[in-house]
Amino acid sequence: MLESLGHIVVQPSEGAAPDAPRQRAYVKVYAKHHNGETHFFKDGYTTRRGYFDYASVSSNDLERVSRFAILVLDIASKGSLILEAAPPTM
C-alpha cells in the first residue's frame with residue numbers, strides 16, 4: 001500500500017509467481033468523514049500492473065475524509081482483503 005499517495009498495489013500471495021500482478025481485482029472504497037459519517041467513495045478495478053488509486057476523485061470530497069476502508073476482491077485467486085488507510089498526505 002502506498003498510503004501517502006492514496007494508491008494500493010495488489011500483489012500475488014506467497015508462493016505465486018512474483019511477476020504476476022493481480023490485474024482486474026475489484027476494489028471498493030468507503031470513506032469515514034470527520035463528522036463520523038461513512039459513505040461510499042469509489043470503486044473500480046486494478047490496472048494491468050495491479051495498481052488502484054483509491055483517493056483521487058473529481059470533487060473536493062477528499063478534504064472531508066478522516067479514514068478509508070478498502071475492500072479488495074480477487075476472483076482469479078478467490079481471495080479478498082479489507083484494509084484501512086489514512087487519506088494521502090499529498
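The values are calculated or read from the model by the stated rules, or taken from the named source; none is laboratory data. All values reported here derive from a predicted model rather than from experimental measurement. Heads up, the Cβs are rebuilt from the backbone with ideal geometry, glycines too, and the neighbour counts pull from every protein chain shown. All accessible areas refer to the heavy atoms of the entire protein, side chains included, with ligands and DNA or RNA removed. Shrake-Rupley method; radii C 1.70, N 1.55, O 1.52, S 1.80 Å.
Quick notes on this structure:
- Here Gly36 clears all of (1) open to solvent by 80 Å² or more (accessible area, probe 1.4 Å); (2) on the phi > 0 side of the Ramachandran plot except the condition numbered (1).
- All positions within region 47-90 that are under 9 Å from the mean Cα position of the chain (by Cα) and of a type in the set (Ser, Thr, Tyr): Tyr51, Tyr54
- Those residues of region 40-87 which are basic (Lys, Arg) and either touching a residue at least 12 places away in the same chain (Cβ under 8 Å) or touching an Asp or Glu at 6+ places or on another chain (Cβ under 7 Å) (or both), in sequence order: Lys42, Arg48, Arg49, Arg64, Arg67
- Meets criteria (among the small types (Gly, Ala, Ser), within 15 Å of Ile8 (Cβ to Cβ), surrounded by fewer than 18 Cβ atoms within 10 Å (Cβ to Cβ) and in contact with a Leu (Cβ under 7 Å, 6 or more places away or on another chain)) for Ser80: yes
- Selection count where residues are loosely packed, with under 15 Cβ neighbours inside 10 Å and either at pLDDT 95 or above or not hydroxyl-bearing (Ser, Thr, Tyr) (or both), scope region 8-17: 6
- Selection of region 19-30 for residues being under 11 Å from the mean Cα position of the chain (by Cα) and open to solvent by less than 70 Å² (accessible area, probe 1.4 Å) yields Ala25, Tyr26, Val27, Lys28, Val29.
- Single residue of region 47-58 satisfying the filter (part of a loop (DSSP other than H, G, I, E, B) and open to solvent by 60 Å² or more (accessible area, probe 1.4 Å)) that is farthest from Gln23 (Cα to Cα): Ser58
- For region 18-46, filtered to residues that are out of contact with any Lys or Arg (no Cβ under 9 Å at 6 or more places or on another chain) and under 17 Å from Ile75 (Cα atoms), the residue that is modelled with the highest pLDDT is Tyr26.
- Verdict on Ile70 being surrounded by 14 or more Cβ atoms within 10 Å (Cβ to Cβ), in a strand (DSSP E or B) and modelled with pLDDT under 95: no
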